[in-house]
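Taking it in order: structure first as structure tokens, then the write-up.
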Amino acid sequence: MTDFIVNLIAWGGYFGIFLLMAIENIIPPIPSEVIMGLGGIAVARGQMELVPLILAGTIGTVAGNFFWYELGRRVGYLRFRPLVTRYGRWAAVEWQDVERLHGIFQRHGQWIIFVFRFMPAFRTIVSLPAGMAHMHRWKFAVWTAGGSAIWNCVLAGAGYYLGTSFRALDHYVGPASVAIMALIVLLYGWHVLTWKPRDRR
């Protein structure tokens with residue numbers, strides 16, 4: 001399975017990396033850890049170059065996050081509450097969480113954007129309050145790109161390092177990736193089924 005994805009990434013080239021990373025930050029079909037990690041393996045195989053890989057992945061990450069930024073900016077802070085009340089179960093978020101994050105974001109917005117790039121559970125959703133707080137677009141782009149570039153370097157570097165023992169890696173990563181995706185689906189399903197909102201106001 002891993003061999004198939006690596007070949008698919010190499011076939012799509014840097015535009016494929018850009019597209020996958022952009023989509024992953026809107027509706028995550030494949031985690032960025034897998035995309036950039038396997039991109040690093042493609043570099044080790046001589047199918048790609050490291051610097052263009054990092055650039056394509058980072059630009060794709062910024063583009064994908066701008067989707068949520070613009071959504072937050074257009075919807076606005078106050079008009080966002082009915083959406084959270086109605087769909088919070090599916091997004092695993094409540095209005096108290098939005099209020100808390102919005103307050104913190106007003107004081108430390110740029111650092112939150114940068115630091116959250118390294119947190120799998122929050123690095124995409126943090127773009128929403130950035131838009132609601134009307135953070136300057138260039139500032140959002142710079143801090144998103146900075147954190148994303150560092151994280152993508154780590155992921156691609158790890159893939160490159162492991163690429164020399166690709167067959168051994170595939171023996172473990174293939175079944176492990178299937179198990180992880182299945183676990184994520186089960187945990188999400190359990191969360192939706194057992195959802196009990198705290199916000200009763």
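Coordinate-derived values only; no laboratory data. Since this is a predicted model, take the numbers as computed values, not measurements. All Cβ positions, even for glycine, are placed from backbone atoms using ideal geometry, and neighbour counts span all protein chains on display.
In order along segment 94-110, the phi-based Karplus estimate (6.51 cos²θ - 1.76 cosθ + 1.60, θ = phi - 60°) of 3J(HN,Hα) comes to 10, 5, 4, 5, 5, 4, 5, 5, 5, x, 5, 5, 4, 8, 9, x, 5 Hz; Gly and Pro are listed as x. Shape summary of segment 12-133, radius of gyration then Dmax from alpha carbon positions: 16.0, 51 Å. Here R86 and I150 are evaluated by their C-beta separation; at R0 = 45 Å the FRET efficiency comes out at 0.80. The phi-based Karplus calculation (6.51 cos²θ - 1.76 cosθ + 1.60; θ = phi - 60°) puts the 3J(HN,Hα) values of segment 130-137 at 4, x, 5, 7, 6, 4, 4, 4 Hz, whole numbers, x for Gly and Pro. Across segment 144-159, rounded Karplus estimates of 3J(HN,Hα) from the backbone phi angles (6.51 cos²θ - 1.76 cosθ + 1.60, θ = phi - 60°) give 5, 5, x, x, 5, 4, 5, 5, 5, 4, 4, 5, 5, x, 5, x Hz, Gly and Pro being marked x.
Proximity of backbone amide H atoms, modeled 1.01 Å from N, is registered between M48 and V43 at under 5 Å, excluding neighbours fewer than 5 places apart on the same chain.
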